[in-house]
Every structure is written in structure tokens, then in C-alpha cells.
Amino acid sequence: MRFVLGVVVAVGLLGCGGPEEQGVDAVESIGQEIVGGVEARPGAHPWNVSLQQYGSHFCGASLIRVSATKEESDIVVTAAHCVYDGTARLTASAGVHDLNRPGAGAQTVNGVKTVYHPAYNPRTTMNDIAVVKLEKPLKFSATVQPILLPLPGEVVPDNVEATVAGWGLTRENGQPSSVLLQVGVPTIGHEDLRAMYSKAGIAIDRYAMLGAGYRTGGKDACQGDSGGPLFLPGAQGKPVLQGIVSFGIGCARAGMPGVYTRVSNYIPWINTQVRLLSDTARQ
Ligand code: ARG
């Protein structure tokens with residue numbers, strides 16, 4: 001259901017569809033997966049979680065650590081627009097590569113509570129972040145691991161390669177992927193991103209949003225990748241969750257990079273939610 005919302009958001013708010021068929025052809029000739037990506041090595045992104053309703057994938061999410069010592073967690077981070085219109089029968093699947101063939105390493109648990117950011121604005125897509133508390137913790141394993149959060153206010157350099165991974169559409173108006181796909185996209189400075197989106201009448205907030213993509217298009221997240229992670233290697237070389245797939249105009253269009261929630265802006269909020277929601281964090 002939420003997946004439909006994502007498409008509606010893209011069509012309604014961000015004007016995908018319509019007389020843009022040339023854009024689609026241009027994308028088609030460049031790439032064919034996440035958009036323009038490749039199949040992830042199974043287990044390469046063990047924090048990538050599939051949020052599902054009635055057994056069908058609608059958004060991504062990322063498993064985060066809730067305790068320094070416990071090797072399990074009952075909290076995932078996603079986009080507010082993924083859960084904004086309700087989360088009946090939400091389940092979270094971790095340790096999965098092919099959604100059609102979850103292997104022995106897969107763990108699926110029910111969501112029991114979702115909290116989206118109190119200042120999330122569906123009209124502007126500001127503060128597009130939410131947490132989901134799971135009914136029982138996901139146990140860390142070879143296929144299930146948390147991703148590190150950035151430091152509060154940590155700045156992501158411009159023009160460095162970030163990775164986005166998800167099960168979303170492999171091209172604008174295309175089909176979702178049953179296997180986890182990934183693509184590398186360079187980060188884009190605030191002024192450049194702001195200038196690109198101002199042409200479309202969309203405001204970009206320096207603190208709440210982070211852009212990543214190629215000026216020429218061809219590689220991007222797409223519908224169904226929403227809520228999933230954009231990550232960069234941190235100080236110790238380990239991946240850090242710097243972005244959450246939030247929105248774009250179409251997918252992989254030239255001059256229209258993907259827009260991500262800037263996670264470093266929300267660390268105190270995330271930590272507060274973890275404290276309030278997680279059973280595992282307290283023990
Ligand atoms: N809002 C979309 C969703 O619900 C994700 C859009 C990401 N688009 C992009 N071109 N990067 O799945």
C-alpha cells in the first residue's frame with residue numbers, strides 16, 4: 001500500500017509521469033537496475049531491511065544498533081512518507097537478498113509501533129524520517145547487522161561516492177527488483193542541488209536534505225527504494241548511514257539527482273526514540 005503512496009507522491013507532488021517519455025528513454029539506454037546499478041553480493045548490506053505489508057515490499061529501512069553491547073536490535077529507521085498513512089500489518093524482513101526466496105539467514109518480525117518525525121511535512125517532504133519498533137529484536141548474524149549512524153551534525157563532503165541499495169524499480173515507471181540492487185552515486189553540494197530543484201519549484205533544505213546522483217542521470221534510487229539507506233564509508237572504513245531515500249523527480253533523469261534525508265541532522269531525535277521505544281536498549 002505504501003508503495004502506491006510513494007508513486008502517488010512522485011506523480012502528484014513531484015510531477016513524474018506526464019509528458020516526460022524522452023526522459024525514460026534516455027534512462028533506458030544507460031542502465032537497467034535499482035536504476036543503473038548492479039545486483040548486490042548477497043549479504044553485502046546486512047542492514048538493509050524490506051518493509052512489507054501483506055507480504056509485499058513497499059519500502060526499505062535500515063537496522064540500527066540500540067545498545068553498545070547487545071547483539072540484537074528492535075529498531076529500524078525509514079522514511080516518514082513510507083509510514084505516514086498507516087502501517088497495519090507491517091512486517092520487517094532482514095537478512096534477505098531475493099525477496100522471492102528468503103534464505104536460511106532471513107528474519108521477519110512484525111512492526112509494533114511506528115513514529116514519524118513530528119515536523120515531517122508531506123507537502124514539502126521536510127524531515128522525512130521515521131523509526132519502526134519491532135515486536136521482537138532482530139538477532140545480529142552473518143546476514144543481519146546494524147549500520148552505524150553519523151555523528152550529530154556530521155558533514156558529508158561534496159562529490160564523494162555514496163552507495164544506495166534497495167529493491168525498488170529498475171527504471172522510472174518500471175518494475176521492482178526481487179534481488180537487492182545497489183548503485184554508486186556521488187554526493188552533490190547543497191547549492192547545486194538547490195539550484196537544480198528550484199527550476200522545478202521544489203525547496204531544498206540544507207540541513208534536512210542531502211543530494212546524490214550524476215548530473216547526466218542514469219544512476220539513482222527509484223520508487224520502492226524509499227526509506228532505504230544511502231551510506232558512505234566512515235572513519236574506520238565502516239559504512240555510515242548518511243541518507244534515507246526520500247524523493248526525486250522521476251528516476252535517474254539528467255539534472256535531477258536523488259534527494260535523501262540528511263541523517264546527521266536527526267541523531268538526537270533518533271536516540272530519543274530508541275530510548276523511548278526499544279526494549280533491548282534498556283537491559
Ligand atoms: N519516494 C520514492 C518511494 O516512495 C522514492 C523516490 C526516490 N527517487 C529518486 N529518484 N531518487 O519509493
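The values are calculated or read from the model by the stated rules, or taken from the named source; none is laboratory data. Computed from a predicted model, the values in this text were never measured in an experiment. Backbone-built Cβ (ideal geometry, glycine too); neighbour counts: all protein chains shown. SASA here: full protein model, heavy atoms, side chains in, ligands and nucleic acids out. Shrake-Rupley method; radii C 1.70, N 1.55, O 1.52, S 1.80 Å.
Just a yes or no: is a residue in segment 218-240 away from the ligand (no atom under 16 Å from the Cβ), out of contact with any Pro (no Cβ under 8 Å at 6 or more places or on another chain) and β-branched (Val, Ile, Thr)?
Checked segment 218-240: no residue is away from the ligand (no atom under 16 Å from the Cβ), out of contact with any Pro (no Cβ under 8 Å at 6 or more places or on another chain) and β-branched (Val, Ile, Thr).
So which residues in segment 34-54 are open to solvent by less than 60 Å² (accessible area, probe 1.4 Å) and assigned to a loop (DSSP other than H, G, I, E, B)?
ILE34, VAL35, GLY36, GLY37, ALA40, GLY43, ALA44, HIS45, PRO46, TRP47
Quick one: HIS57 ticks every box in (1) open to solvent by 20 Å² or more (accessible area, probe 1.4 Å); (2) in a loop (DSSP other than H, G, I, E, B) bar one, so which box is it?
In the conditions (1) open to solvent by 20 Å² or more (accessible area, probe 1.4 Å); (2) in a loop (DSSP other than H, G, I, E, B), HIS57 misses (2) alone.
Looking at the structure I just gave you, is THR143 assigned to a loop (DSSP other than H, G, I, E, B), in contact (Cβ under 8 Å) with a residue 12 or more places away in the chain and within 27 Å of GLY201 (Cβ to Cβ)?
In short, no.
Quick check on my filter: what residues within segment 147-168 are open to solvent by less than 50 Å² (accessible area, probe 1.4 Å), part of a strand (DSSP E or B) and over 15 Å from TRP47 (Cα atoms)?
Selection gives ALA162 alone.
Only one residue in GLY237, GLY227, GLY243 is open to solvent by 20 Å² or more (accessible area, probe 1.4 Å) and either more than 16 Å from THR114 (Cβ to Cβ) or in a loop (DSSP other than H, G, I, E, B) (or both). Which one?
Sole residue among the options that is open to solvent by 20 Å² or more (accessible area, probe 1.4 Å) and either more than 16 Å from THR114 (Cβ to Cβ) or in a loop (DSSP other than H, G, I, E, B) (or both): GLY237.
Is one or more of the residues making up segment 203-210 aromatic (Phe, Trp, Tyr), in a strand (DSSP E or B) and either open to solvent by 10 Å² or more (accessible area, probe 1.4 Å) or more than 16 Å from the ligand (Cβ to nearest atom) (or both)?
No.
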